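Report on one structure; see the data block that follows.
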Amino acid sequence: MTEKTSTASFSWLASWRVYLQPASLRMLLLGFAAGLPLLLVLGTLSFRLREAGIDRSTIGYLSWVGLAYGFKWVWAPLVDRLPIPFATRLLGRRRSWLLLAQSMVMLGLVGMAISDPSKTLGPVVWCALMVAVGSATQDIALDAFRIESADPTQQAALAASYQTGYRLAMIWAGAGVLWVAAWVQGENTAGYLHAAWQAAYLVMAASMLVGCVTVLMSKEPVPAELPPARNLKEWLHGALVAPFADFLKRYKWQAVLILSLIAVYRISDVVMGIMANPFYVDMGYTKAEVATVTKVYGVLMTLLGAFIGGVMALRWGVMRILMLGAVLSALSNVLFAWLSGHGHDVNALIAVVSADNLASGIASAAFIAYLSSLTNVQYSATQYALLSSMMLLLPKFIAGFSGDYVNAHGYADFFHATAWLGLPVLVLVGLAWHYQPPPKA
């Protein structure tokens, strides 16, 4: 059955109703649990540390705790295969790992709440690392849970629901934590007050209960049949070697094409995003203006784009929307080049950020669905972790030179250059579409 015929049977009404199905609603809540920890160990933590008097160089080094997300594929085979004593027998393989990971996140957030970085930094760092590792582990188990909970035609909708919950959590962990801290601190909001941040991080730890309750109320997906291992060597082969060998066996020479596409698909967005905040500062936008525009208009447009992308993928197939997302992502960077010559204008900033986030939402929904379609349910956690980690390695490396490029050529040339980076993506999407393997049985 071709991609066209597999999507033609969906009416528009049925396509939108998919978001009301239990699987989509569960993924909305689990997406919230997945998105909550990220900013609490990166952007929000940096704000807290700077307010506590920590120097910028130290804050920059501490951002390396986020590397846990890039290397989650290292322990993904354990999440895919290793049972947790007692818990796996009671809850199942996916739910037991989800609860373990969520417990790590909650415990780490409580530790970050109790520790005062203005007095000693070590405990905050170790607790942040626990949160990052727990969050990355939750991502591994949750991706496998999502892939195994629905057939391939529903993955775009589940991805959109997941992104919605994820983005709502980022609002709560980005702006909400500041609101809580400011409310506790009272009228005198200037300076660092440990009690205010302690209350804010404890509220964030309690917010993880949304994910825990959802896991407990969810049904364990039907486990994939795993070949029995007669000894440790066979188990290690099944856990560490088989997932990667299976991918190469199924796609053969197309694996190179697929992996190349994954490695560069988000390159325009990631490279441009590194210089976005410095650009706002240099253009004279205040923190309040940037926070309002990016956290309200930007997030809302991302959510809208995710839902639109999920529905369009159901109607017209993932590859078509993958191409559309690549085109829109590149073109939206040109809008930033225009904004750099337009001057300080909040309305213009709203328009540009909204368009950029709409494009990002559409591209992300299609891309997540595409990654999901590539995995084998027997190794879903390991294979998806590898693929989702690969998509950031090259863009993050290139993005490290973005500041040097802006210093040498200016913002307008930089944004145009990031748009041109999207050209190889279009070629690779076209080739992957043309040589698309037959659907999985």
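The values are calculated or read from the model by the stated rules, or taken from the named source; none is laboratory data. This one's a predicted model, so the numbers in the text were calculated from it and none came from an experiment. Neighbour counts run over all protein chains shown; Cβ positions are idealised from the backbone, glycine included.
Per-residue answers, yes or no, for (1) modelled with pLDDT under 90; (2) surrounded by fewer than 18 Cβ atoms within 10 Å (Cβ to Cβ):
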site	(1), (2)
Phe336	no, no
Gly343	yes, yes
Ala366	yes, no
Tyr379	yes, no
Ser389	yes, no
Ala399	yes, no
Gly403	yes, yes
Asn407	yes, yes
Lys440	yes, yes
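Residue-by-condition table, conditions (1) in contact with a Phe, Trp or Tyr (Cβ under 9 Å, 6 or more places away or on another chain); (2) touching a residue at least 60 places away in the same chain (Cβ under 8 Å):
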{"site": "Pro83", "(1), (2)": "no, no"}
{"site": "Arg89", "(1), (2)": "no, no"}
{"site": "Arg94", "(1), (2)": "yes, yes"}
{"site": "Gly111", "(1), (2)": "yes, no"}
{"site": "Asp116", "(1), (2)": "yes, yes"}
{"site": "Ala128", "(1), (2)": "no, yes"}
{"site": "Ala132", "(1), (2)": "yes, yes"}
{"site": "Asp139", "(1), (2)": "yes, yes"}
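Taken residue by residue, the stretch 332-341 has no member that is of a type outside the set (Asp, Glu), closer than 30 Å to Leu82 by Cβ and out of contact with any strand residue (DSSP E or B) (no Cβ under 6 Å at 6 or more places or on another chain).
Looking at Arg89, Arg95, just one residue is crowded, with 16+ Cβ neighbours inside 10 Å and among the basic types (Lys, Arg), and that residue is Arg95. Evaluation of Ser373 against the conditions (1) under 27 Å from Met275 (Cβ atoms); (2) modelled with pLDDT under 90; (3) assigned to a helix (DSSP H, G or I) shows that the sole unmet condition is (1).
Do we have Leu324 as assigned by TED's automatic domain parsing to the domain that holds Val299 and under 28 Å from Phe247 (Cα atoms) here? When the stated conditions are applied, Leu324 passes them.
Please find, within the stretch 201-241, the residue that is surrounded by the most Cβ atoms within 10 Å (Cβ to Cβ) out of those that are in a loop (DSSP other than H, G, I, E, B) and at pLDDT 75 or above. For the stretch 201-241, the residue satisfying everything is Met208.
Within the stretch 114-124, the set of residues being hydrophobic (A, V, I, L, M, F, W, C) and surrounded by fewer than 20 Cβ atoms within 10 Å (Cβ to Cβ) comprises Ile114, Leu121.
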